[in-house]
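Let me begin by presenting the structure, written as structure tokens, before commenting on it.
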Amino acid sequence: MIKRLSWQTAIGGNILRVIAGTARSLPLKTVDGMDTRPTTDRIKETLFNMLQTDVYASRFLDLFAGSGAIGIEALSRGAKAAVFVEHSKQCVECIKDNLKFTKLKAVVMEQDVLSGISRLAGKGVFDIVFMDAPYKTGQERDVLVALKNGDIIDKYTIIIIEEALDTDLSYVSELGYEIYKEKRYKTNKHVFLRIGE
């Protein structure tokens with residue numbers, strides 16, 4: 001069954017919007033149902049306040065992109081390029097609709113994240129990588145391994161993982177990363193990583 005696109009999120013019926021920048025206040029579509037879990041506007045605003053000037057003129061990679069709200073926020077705030085990787089056809093349609101509505105341009109890849117990372121090889125380093133995999137599936141570990149073994153990140157790349165509050169990510173040091181910042185919310189958290197020295 002094809003899920004319908006909606007201007008309402010599943011979070012209290014609030015409309016998801018672009019917070020700041022050239023597309024400020026524009027509403028974004030989401031895909032109905034529990035398969036997607038849009039980051040609330042308040043959490044999104046906190047995230048981008050933490051990133052501050054890192055976003056402007058950056059290359060931004062949005063993995064498990066869902067509605068595209070995070071990458072679109074980055075573009076609205078001055079990111080020079082963004083790539084969205086999402087395997088769901090309905091979500092890809094949603095991302096494209098949101099990009100068209102906000103008049104922002106980006107590359108949208110309809111495939112699983114690991115294949116997307118492989119296809120991006122040789123196409124330059126990203127300044128910021130954001131991943132919001134389904135919670136408690138452990139998929140972020142495979143993504144971190146693929147990123148480390150590839151050539152699309154370097155020691156300056158900021159990697160942000162959105163995960164459930166009680167998810168243990170202490171293993172990332174074994175993969176060659178270091179956690180340098182963490183922001184905890186009621187039920188989830190953002191963990192900021194870089195390649196370790």
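The values are calculated or read from the model by the stated rules, or taken from the named source; none is laboratory data. All of these numbers come straight from a predicted model, not from anything done at the bench. Heads up, the Cβs are rebuilt from the backbone with ideal geometry, glycines too, and the neighbour counts pull from every protein chain shown. In case anyone asks, the SASA skips ligands and DNA or RNA and just uses the protein heavy atoms, side chains included. Shrake-Rupley method; radii C 1.70, N 1.55, O 1.52, S 1.80 Å.
In segment 43-55, the residues that are touching a residue at least 40 places away in the same chain (Cβ under 8 Å) reach residues that are open to solvent by 30 Å² or more (accessible area, probe 1.4 Å) and of a type in the set (Phe, Trp, Tyr) with C-beta atoms within less than 8 angstrom, at least six apart or across chains, in these pairs: Ile43/Tyr185; Thr46/Tyr185. The listed residues are Lys80, Lys100, Lys89, Lys105, and the only one of them that is in contact with a Ser or Thr (Cβ under 8 Å, 6 or more places away or on another chain) and surrounded by fewer than 16 Cβ atoms within 10 Å (Cβ to Cβ) turns out to be Lys80.
Residues that are surrounded by 14 or more Cβ atoms within 10 Å (Cβ to Cβ) and not hydrophobic (A, V, I, L, M, F, W, C) within segment 135-147 comprise Tyr135, Gln139, Glu140, Arg141, Asp142, listed in sequence order.
Scanning segment 1-29 for residues that are in contact with a helix residue (DSSP H, G or I) (Cβ under 8 Å, 6 or more places away or on another chain), at pLDDT below 55 and β-branched (Val, Ile, Thr) gives a single hit, Ile2. Meeting the requirement of 3 or more residues that are closer than 26 Å to Arg42 by Cβ, the strands (runs of 3 or more DSSP E) wholly within segment 73-148 are 81-86, 128-131. In the set Gly176, Gly116, only one residue is among the small types (Gly, Ala, Ser) and on the phi > 0 side of the Ramachandran plot; that residue is Gly176. Considering only segment 30-43, I want to know if a residue exists there that is modelled with pLDDT under 95, among the hydrophobic types (A, V, I, L, M, F, W, C) and either closer than 19 Å to Ile161 by Cα or in a strand (DSSP E or B) (or both). Yes, that holds for at least one residue. Scan segment 120-136 and report the pairs whose first residue is more than 11 Å from Asp62 (Cα to Cα) and whose second residue is in a strand (DSSP E or B) and of a type in the set (Lys, Arg), with Cβ atoms within less than 8 Å and a gap of 6+ or a chain change. Close Cβ pairs satisfying both conditions: Gly124/Arg59; Val125/Arg59; Asp127/Arg59.
Could you check, for segment 40-52, whether at least one of its residues is among the β-branched types (Val, Ile, Thr) and buried (at least 22 other Cβ atoms within 10 Å of the Cβ)?
no
Touching a helix residue (DSSP H, G or I) at 6+ places or on another chain (Cβ under 8 Å), free of Cβ contacts under 8 Å to residues at least 60 places away in the same chain and within 25 Å of Asn188 (Cα to Cα): is that true of Leu99 in this structure? No; evaluated as a whole, the condition is false for this residue.
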